[in-house]
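Written below as structure tokens is the structure these notes are about.
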Amino acid sequence: MQSILKVNDFIGGIVWGWPMLILLVGTGIALTFRLKFIQVSKFGYIMKNTLFKIFAKSTDKDGEGEVTAFQAVSTALAATVGTGNIAGVAMAIATGGPGAVFWMWMSAFFGMATKFSEVVLAITYREKEANGSFSGGPMYYIKHGTKLPWLASVFALFGALASFGIGNMTQSNSIAQALETKFGINPLWTGIVLAVLAGIVILGGIKRIASVTEKLVPFMAAFYILGSIAIILMNIGRIPGALGLIFGSAFSAKAAVGGFAGATLKQVMKMGIARGVFTNEAGLGSAPIAHAAAKTDHPVRQGMWGVFEVFVDTIVICTMTALVILVTNQWDSGLQGAALTSAAFDTGFKGGGFIVAIGLTLFAFSTILGWAYYGERCMDFLFGSKSVMVYRLLYVPFIIIGSIGKLQEVWAISDTLNGLMAIPNLVAVFMLQGVVILLVKDFMSHPGRICTSDEEYLKVIPKDKRA
């Protein structure tokens with residue numbers, strides 16, 4: 001086991017090191033320029049077609065798909081909004097100082113262009129199954145778009161394996177620890193209850209997962225954001241100082257003072273970018289799997305939900321966590337992870353730590369649901385539809401195992417697998433950026449057109465790039 005961990009540490013150092021971070025952010029920068037800063041120039045249009053249409057009812061004009069656009073983004077957000085938004089942000093600040101928050105924002109800004117492109121490609125190259133369901137994601141646009149089926153299988157393998165760790169056991173373990181600390185609940189009982197609840201949802205497939213997440217995601221986000229806003233408003237006079245810390249230490253040679261003295265600019269940037277990528281998953285290729293099932297009349301319309309997803313996850317929720325930690329002056333307390341966030345909320349008002357415990361529970365549980373769908377789609381791609389039920393029956397018991405285990409090794413290995421997914425995905429996104437540009441031009445030149453079938457908008461793509 002020690003040998004495996006040493007190999008994993010070496011690979012993990014590369015996967016989450018500077019080369020990968022430069023590749024992730026660099027891809028986002030390149031796409032941002034190619035798309036003419038779509039996350040800024042079309043921001044109002046994007047919000048109008050996402051935020052203000054959250055509760056719009058699905059119609060026959062929405063195009064092909066299994067679930068509504070919002071159900072698809074809810075499933076993606078369920079998997080994306082997780083422990084990273086609570087513990088990951090705190091870890092970035094604890095190890096990189098307040099300046100790390102600025103670089104987290106930067107990774108999210110360029111990540112919007114990456115996520116937009118991923119979602120556009122997921123819709124473009126998705127497959128319609130004989131039973132009317134849809135399958136899509138990086139493995140499909142790698143297979144059909146780049147004509148590299150072996151690379152598609154590599155992505156699917158990493159995705160299936162990572163789902164048991166990063167999407168399952170580490171999440172149930174975080175829930176169990178939080179509930180045991182705050183409420184004294186036995187981790188085993190937590191695991192059993194989680195497994196039963198998750199099993200009921202997961203065994204129903206994407207439609208049941210989407211039905212649950214479209215209700216759970218808005219509630220859990222609102223619950224956590226309102227708690228954060230309450231503390232921020234109680235400390236409104238400290239906001240200028242908090243923002244000053246973020247911007248003032250983002251480019252300095254030292255992250256801050258005291259325990260942060262000596263932290264280099266390189267460390268500040270790395271922690272902010274790495275945690276930003278980890279929380280919103282832009283470039284990793286996971287979220288497009290959920291978006292591929294959406295009912296939409298054009299890939300670009302669903303791509304706008306990808307921008308919305310990164311905005312909500314990092315610019316809104318992660319910023320709330322960061323501001324609470326900074327305005328309560330807990331950022332240099334020596335605590336790290338969820339313990340730091342919990343201490344900050346407790347400082348904000350009596351019992352504030354319960355918001356973190358409940359928020360962490362909801363965030364992590366939703367991640368279990370979202371990643372279950374990612375994993376089964378990867379398994380279906382590798383081994384066919386008969387493997388899906390086998391995967392589901394294996395996935396659920398691992399929730400219990402995770403809740404009672406010591407998972408440092410599992411977390412490390414699954415974190416590496418999660419990062420490895422990004423390599424084949426980024427290769428495909430970079431190779432297929434021309435397809436994204438063509439589809440954006442098509443959509444913007446025909447804003448009122450409704451495509452009731454996928455074949456209508458696929459006509460703008462060169463034949464050698466079609467499925």
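Residues whose amide H comes within less than 5 Å of that of Glu64, counting only those at least five positions distant or on another chain, are Thr296, Asp454 (H built at 1.01 Å from N in the peptide plane).
Rounded to whole numbers, the Karplus 3J(HN,Hα) couplings from phi for segment 332-344 are 10, 7, x, 7, 9, x, 4, 4, 5, 4, 4, 5, 5 Hz, using 6.51 cos²θ - 1.76 cosθ + 1.60 with θ = phi - 60°, and x at Gly and Pro.
Using equal-weight Cα scatterers in the Debye expression, the normalised intensity of segment 223-344 in log10 at q = 0.10, 0.14 Å⁻¹ is -0.41, -0.73.
Which shape class, rounded, prolate or oblate, goes with segment 290-404 when its Cα gyration tensor gives a ≥ b ≥ c as root eigenvalues, a/c under 1.5 marks rounded, and past that a/b bigger than b/c marks prolate? Note, shape of segment 290-404 comes out oblate. Using the Cβ-Cβ distance between Leu188 and Arg34 with R0 set to 51 Å, the FRET efficiency from 1/(1 + (r/R0)^6) comes to roughly 0.50. Among the trypsin sites (Lys or Arg not before Pro) in segment 286-363, those placed in a DSSP loop whose Cβ has at most 16 other Cβ atoms within 10 Å are Lys350. Rounded if a/c is under 1.5, else prolate if a/b beats b/c, else oblate: with a ≥ b ≥ c from the C-alpha gyration tensor eigenvalues square-rooted, which is segment 65-114? It is oblate, given that a/c is not under 1.5 and a/b is not larger than b/c.
Summarising the amide proton neighbourhood of Phe134: residues at separation of 5 or more, or on other chains, whose placed amide H is nearer than 5 Å comprise Glu129.
For segment 192-199, 3J(HN,Hα) computed residue by residue from phi via the Karplus equation (6.51, -1.76, 1.60; θ = phi - 60°) reads 5, 4, 4, 5, 5, 5, 5, x Hz, glycine and proline entered as x. Taken along its three principal axes, the alpha carbon spread of the chain comes to 60, 47, 46 Å, from the longest extent down to the shortest. Stretching the chain fully between Leu203 and Ile54 yields a gain of 51.1 nm (0.36 nm per residue, less the alpha carbon separation).
Tell me whether segment 149-308 comes out rounded, prolate or oblate; compute the Cα gyration tensor, take square roots of the eigenvalues as a ≥ b ≥ c, and use a/c under 1.5 as the rounded threshold. Judged from the Cα gyration tensor, segment 149-308 comes out prolate (a/c at least 1.5, a/b above b/c). With an 8 Å cut-off on Cα pairs and a minimum separation of 6 or more residues, tell me the relative contact order of segment 73-196 in percent. After rounding, I find 12 percent. With a simple spin-label model that places each label point 7 Å from the Cα along the Cα-to-Cβ direction, the separation between Ser385 and Phe219 comes to 3.2 nm. Phi angles of segment 97-112 translate, via the Karplus equation with coefficients 6.51, -1.76, 1.60 and θ = phi - 60°, into HN-Hα couplings of x, x, x, 4, 5, 4, 6, 5, 4, 5, 5, 5, 4, 6, x, 4 Hz per residue; Gly and Pro are given as x. Positive-end ranking of Ser211, Leu438, Ala94 along the dipole of the chain, with charges on Cβ about the Cα centre, is headed by Leu438. Separation of the alpha carbons by more than 25 angstrom is noted, of Lys36/Lys215; Lys6/Lys147; Lys295/Lys459; Lys42/Lys143; Lys42/Lys147, for Lys36/Lys215; Lys6/Lys147; Lys42/Lys143; Lys42/Lys147. Only Lys, Arg, Asp and Glu carry charge here, each on its Cβ (+1 for the first two, -1 for the last two); on that basis segment 133-271 has a dipole of about 320 debye about its Cα centre. Accessible area per residue was computed with a 1.4 Å probe on protein heavy atoms; Met444 scores about 70 Å². Only DSSP H runs of four or more residues enter the estimate; each adds -39500 (n - 2.57), and after division by the residues of the chain the mean residue ellipticity at 222 nm equals -22500 deg cm²/dmol.
Relative to the current alpha-carbon distance between Leu5 and Phe43, full extension at 0.36 nm per residue lengthens the span by 9.3 nm.
The values are calculated or read from the model by the stated rules, or taken from the named source; none is laboratory data. Just so it is clear, the structure is predicted and the values come from calculations on it, not from any experiment. Note: ideal-geometry Cβ built from the backbone for every residue, glycine included; neighbour counts use all protein chains shown. Areas reflect the complete protein model, heavy atoms only, side chains present, ligands, DNA and RNA absent. Shrake-Rupley method; radii C 1.70, N 1.55, O 1.52, S 1.80 Å.
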